[in-house]
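Here's the structure, in structure tokens; my notes come after.
The values are calculated or read from the model by the stated rules, or taken from the named source; none is laboratory data. A quick note: this is a predicted structure, and the numbers were derived from the prediction, not measured. Virtual Cβ from ideal backbone geometry, glycine too; neighbours counted across all protein chains shown.
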Amino acid sequence: MRLITGIDTAMPDVGRRWNYHARWNQHEQFWREDFRQLASFGFDVLRWQLPWSMVEPVRGEYRWDLIDPKVELATKLG
């Protein structure tokens, strides 16, 4: 059996384009613990999202530091 979960970090907001609510739900602070807990419960697939406008704040300039640590930990946890 494959267990799949998702961590919702962004939701559309027509008035402001994006509402990045990972700040108020503290996901930015606790993502490592969240990832570890999910792995310990047997989840092996994770849907995690980040608004692309944060990754590419200026056309052609990328903030891979926002993504790489999550991919590295998820890979380590299986």
Of all residues in region 2-49 being modelled with pLDDT under 80 and buried (at least 16 other Cβ atoms within 10 Å of the Cβ), the one that is farthest from residue 77 (Cα to Cα): 20
Members of region 24-55 found to be in a loop (DSSP other than H, G, I, E, B) and over 11 Å from the mean Cα position of the chain (by Cα), listed by number: 24, 25, 26, 41, 42, 43, 44
Qualifying positions in region 58-68 - assigned to a loop (DSSP other than H, G, I, E, B) and either surrounded by 11 or more Cβ atoms within 10 Å (Cβ to Cβ) or aromatic (Phe, Trp, Tyr) (or both): 62, 63, 67
Residue pairs meeting the criteria (Cβ under 9 Å; at least 6 apart or on separate chains; first among the aromatic types (Phe, Trp, Tyr), in region 44-73; second in a helix (DSSP H, G or I)): 48/31; 48/35; 48/70; 48/74; 62/55; 64/55
